[in-house]
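To keep things clear, I will list the structure first and then write my remarks on it.
The values are calculated or read from the model by the stated rules, or taken from the named source; none is laboratory data. From a predicted model like this one, the values you see are computed outputs, not experimental measurements. With ideal geometry, Cβ positions are generated from the backbone for all residues, glycine too; neighbour counts draw on all protein chains shown. Surface accessibility is based on the protein's heavy atoms, side chains included, excluding ligands, DNA and RNA. Shrake-Rupley method; radii C 1.70, N 1.55, O 1.52, S 1.80 Å.
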Amino acid sequence: MRFARAALCALLFISAVTPFAQPTLAASSTAQGPASVAALAKQLSPAVVNIGTSRHVPGGPGLPFPQGPDGSQLDDMLDHLNPNDGLGPEVEQEAESLGSGFIIKADGLIVTNNHVIDGAEEIQVFLTDGTRLPAKVIGTDAKTDLAVLKVDAGRELPFVEFGDSDTAEVGDWVMAIGNPFGLGGSVTLGIVSARNRDINSGPYDNFIQTDAAINQGNSGGPLFDMDGKVVGINTALLASGGSSIGIGFAVAINLAKPVIDQLVEYGETRRGWLGVGIQEVTDDIAASLGRHNTNGALVVDVTEGGPSDGVLKEGDLILQFDNKPIERMRDLPRIVAETDVGKAVEVKILRNGKDETVKISLGRLEVGEQQIAEAQQEQQPPPPPDAPEDNIGPAPGLPELVGFEAGPLSPEVRKQYGIPDDVKGVIITSVTSKSDAEEKGMIPGLVVSEVNQQPIETVADVVEMVSAAKEAGRPAVLFKVTDATMTSRFIAVRVRN
């Protein structure tokens, strides 16, 4: 109580000396705090739309559709009108979904997510003034989960502009506007939490992560910077019970812009195609190549008749494409896809320990995918492999060096494993338990055709090259292996001490 009275006396004394001190402090506290985004939200909200879709799906058992006498005209007419269309007495139901989108041109061009409208039989767009408009699909792209719609309002509509997602730094304020849980016109504020996120949703993942609340129904809506420019398209979230936990993802607008432009112009995408299969450079693969980092994309196969046929080789390490560095394997597909079809680009590679630069004219990915699919259909699958015969002798020294045994590709082995005569190399016959070779995926039946990017034909070749790598102090050896489906890849196995 004494302390309370002392404090009270002190406050009374201060008030008597400076009677306006407290009101001044209170006014100052009210004036401070985060700047309001009310004006920005009011300006941008009219260009953000709600999207409703519907489609008919079979429902559970319900009242059967009426039927007339068998063979009668009434029965035929009722069958024709039956919405179940032969599904029996199950009542057809209408599935509805809600999402968001934003207008990018005054004539009613709208961007949203592909998954918002995928499979829809009817698409309705709701403007902030209550106007409801039917929409038609201009084009979709499942790889980036983007779609472009068009509505005809009979008047010019408010629209927003694209920004530059490359300038969106971690910590910058961003604002999401959308239709979460059907609550149109909802505004949430947060920051850029991270950039260049790969969430394994597609081949070109390059997401902006944000803690601005993104919930179900926000999909397809815009993520704005504080200049009112779109820097991302809200697409996915990590959720607990369907609600935001502060981790949302938006497609970076710099990735989306060329896709949107192609959908508007052609109604489809036209991506660049290099015509190679690639894999990630692991620490062990980098060590086997004598490199100090894991930058680049390792070529594991070259598509016959593709743009790189006769130019690139299996085992080439792609370091730069069109003067853009390839820091991670997943950078290459995105950069190639964003490059114009037919453009002649310079590709910097590492081949046999030396840097080289080659020039390749890109093809079109969509054509290449069709070409590859047709070639796979023509290939007959090899017969299933039988157990290896006991007469396949082990390769002396290999288990101690790299943890597996190998034997020659004898006619009997080729027949057992369905290995064509033109495939050269040796076959793995056993793998040491708990070895690095086993952990990396070496299994009996794989054919080893290269060691450290040099072709081999005999077990002695393998032993010699592995021994030479160990004597040279290399921590790992790079093997090119082919499985029963004739699919090749590279595996780096650490040399055993």
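Please compute the net charge surrounding Asp227, taking Lys and Arg as +1 and Asp and Glu as -1 over other residues with Cβ under 13 Å from its Cβ. Taking every Cβ under 13 Å from that of Asp227, the sum is -3.
Radius of gyration over Kirkwood radius for the range 205-298, both on Cα atoms: the Rg/Rh ratio is 1.12. Remark: the range 222-236, residue by residue, has Karplus-estimated 3J(HN,Hα) of x, 10, 9, 8, 7, 9, x, 9, 6, 10, x, 10, 4, 10, 9 Hz, where x stands for each Gly or Pro and the curve is 6.51 cos²θ - 1.76 cosθ + 1.60 at θ = phi - 60°. The local environment of Thr458, defined by Cβ-Cβ distances under 11 Å, has a net charge of -2 under the rule Lys, Arg +1 and Asp, Glu -1. For the range 294-378, with all protein chains in place and a probe radius of 1.4 Å, 42% of the accessible heavy-atom surface sits on carbon or sulfur. For the range 151-250, the carbon plus sulfur part of the accessible surface works out to 47%, probe radius 1.4 Å.
Rounded to the nearest 0.05, the FRET efficiency derived from the C-beta distance between Lys136 and Ser433 at R0 = 41 Å is 0.10. Cα gyration tensor of the range 105-147, axes a ≥ b ≥ c as square roots of the eigenvalues: rounded (a/c below 1.5), prolate (a/b > b/c) or oblate? Prolate, since a/c reaches 1.5 and a/b exceeds b/c. Placing pseudo-labels 7 Å out from each Cα toward the beta carbon at Lys105 and Asn497 gives an inter-label distance of 6.5 nm. Taking packing as the residue-averaged number of other Cβ atoms within 10 angstrom, the listed peptides 418-427, 227-236 run from highest to lowest as 227-236, 418-427. Counting 0.36 nm for each residue step from His292 to Lys324 and taking away their Cα separation leaves a gain of 9.6 nm. Take the convex hull of the alpha carbons in the range 143-216; its mean projected area over all directions comes to 6.4 nm². Computed from label points 7 Å out along Cα-Cβ, the spacing between Ser361 and Glu374 is 2.0 nm.
Other residues lying with their Cβ under 12 Å from the Cβ of Leu238 contribute a combined charge of 0, Lys and Arg counting +1, Asp and Glu -1. First check a/c for the range 237-374, with a ≥ b ≥ c the square roots of the eigenvalues of its C-alpha gyration tensor; if it is under 1.5, answer rounded, and if not, answer prolate when a/b is larger than b/c or oblate otherwise. Judged from the Cα gyration tensor, the range 237-374 comes out oblate (a/c at least 1.5, b/c at or above a/b). Using the Cβ-Cβ distance between Thr458 and Glu304 with R0 = 22 Å, the FRET efficiency computed as 1/(1 + (r/R0)^6) comes to roughly 0.20. Mean projection of the alpha-carbon convex hull of the range 456-497 over all orientations, in nm²? Directional mean of the projected Cα hull area for the range 456-497 stands at 3.3 nm².
What does the C-alpha gyration tensor say about the overall shape of the range 131-285? Classify as rounded when a/c is under 1.5, otherwise prolate if a/b is larger than b/c, or oblate. In terms of gyration-tensor shape, oblate.
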